[in-house]
Structures are given as C-alpha cells and as structure tokens.
C-alpha cells in the first residue's frame, strides 16, 4: 500500500491516475479548486470501496500561500509519500495577475510545482520508491523564459504564457535533480501526447474546437497514463531526472533542459519566494 498526492487530481489525467491507485489499494489525496469535482472524486472512491483511502483538499494552486497550506496539511496527515503527481494546469485567455504578483499560468504551471516538490521532499525521501511526476510538454522546444518579464506584463498571449510555463517546468525538473544529487526521489518530466482530458477549463470557441479534435485525434486518459504508471512502478536506473515523451526517453542535451538556465531560474525563483 502506497501513498500519493495528485495536484490537479479532479480532472483528466490527474483524476485517472488517482483512481488507478485507489483501485489497486493505495492511499490518494487529490488537490483541486472545485469542491463539486472534489466531491465527485470522493463519490467515485466510495464506489470503489476506497472511501477511507481517498481525500480531497480544496486549494487555489495559483496562490503561494495556498500551496504552503497544502504542504502543511499533507505533512499533518502523512509521515511518508511514495509519489507527488503534478497535473494542475488551465489556460488564461486574458492576463491574470495573482496576489503574489505572478502571471497566473506561470504561477499554476511552474511556481506551484516548485513549491510542492521542494516542500514535500522530506516526506518523499521516506517513501518506498518515491517519484515526483510532472506532466508537461517536455520535448517541445518552442517558447522561452522571458527573464526580464516573467509576469508577461508586456505583450501577453495565452500561448506565449503556456510556452513559457512549459519551459519553466522542464527547467524545474533539471534543477531539482541538480539540487538533490544523492536523493532517493526520482523526478519524471512526462509528455503524454494529445489526451482527451476534458474541456471544462476552456472558453468558447476554443472549447468546441478542442472537443471536436479530441473526438478524432486524442488518446483516452487510460492509455495516456499507462506509461506513467509503468515508470513509477519500475523506474530505470537510480536517482536523478527522467524525461519521456510517452514511452520514448528524451536526451538530456535538449535545449529545453539546459542546466545553466535551470540553475538561473531556480536562483531567481528562490529569491522571489524567499525560499
């Protein structure tokens, strides 16, 4: 019996992974912002006779304070973790600035995953075969970090924000591995490919377009999560960073996995968060 935390576990792949682990007898805490979806997850857990092994934490993961509260609550509930799975992400058609001063995509896609990974490392190190899973677009080399305008106050665009967030979360995995050379916890960057994860977070007309594309081209959640489960259960090698596009390992020499950029972003983020 293992213990997992899924940030963004009320939708799509996060929910699929959470229910998979419950079916096999594990403990799962999902984190999400929508209490109705959280209750839906708990109802499904009860239908699997897993109500006692499932929990929902409501939190706005664009907020640094909310992430810290989640970390505190998880530490109060558990002495060890076997996995942290980060899937929370949604597009923002217009620029939204969080109370912490971050652009919302950057806050959700990168800052939240930074805080949860580093904040829960001590529990993960006590797990049986611990892994942080960052579901992202690793392997995509478009986009870059806007070093002088991380909050995109100049020339915001939702695609621009998503590409920066994706690059930042790739560098997060690189920096985490560099900062924990002797850790037992593995860090997996995983690109699942186009998956039918739902369109609840999208606005029209994008919602209709994505729903139509998903009907003909997207893989189901069950197929998308299979490689992740395999890597979590039997990771290759020992320690460090793993980067996969579905079942294909990616070369660490990718420009999006540059160690110098990873260190620079880590130092900047640590300074901004007083981490």
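Throughout, read-outs are computed from the coordinates displayed, never taken from laboratory work. What you see is a predicted model; the values in this text were computed from it and never measured. Backbone-built Cβ (ideal geometry, glycine too); neighbour counts: all protein chains shown.
Once you sort the root eigenvalues of the Cα gyration tensor of region 81-197 as a ≥ b ≥ c, which label holds: rounded (a/c under 1.5), prolate (a/b larger than b/c) or oblate (the other case)? Prolate, because a/c is 1.5 or more and a/b exceeds b/c. A protection proxy built from the mean count of other Cβ atoms within 10 Å ranks the segments 168-176, 93-101, most packed first, as 168-176, 93-101.
Summary of packing: across the peptides 133-141, 117-125, 151-159, the per-residue average of other C-beta atoms within 10 Å ranks them, highest first, as 133-141, 117-125, 151-159. Summary value for region 3-273: 18 percent relative contact order, contacts being C-alpha pairs under 8 angstrom separated by 6+ residues. Assuming a ≥ b ≥ c are the square roots of the Cα gyration tensor eigenvalues, decide whether region 28-92 counts as rounded (a/c under 1.5), prolate (otherwise, with a/b larger than b/c) or oblate. It is oblate, given that a/c is not under 1.5 and a/b is not larger than b/c. Peptides 105-116, 263-274 ranked from most to least packed by the mean count of surrounding Cβ atoms within 10 Å: 105-116, 263-274. Among 163, 241, 178, the residue with the largest mean-square fluctuation in a Gaussian network model of the chain, with springs joining Cα atoms closer than 10 Å, is 178. Normalising by residue count, the chain has a Cα convex hull of 125 Å³ per residue. Could you tell me how far the Cα centroid of region 97-136 sits from the Cα centroid of region 25-40, in Å? Answer, in whole Å: 17. Annotation for residue 182 and residue 94: the two label points, set 7 Å from Cα along the Cα-Cβ direction, are 5.2 nm apart.
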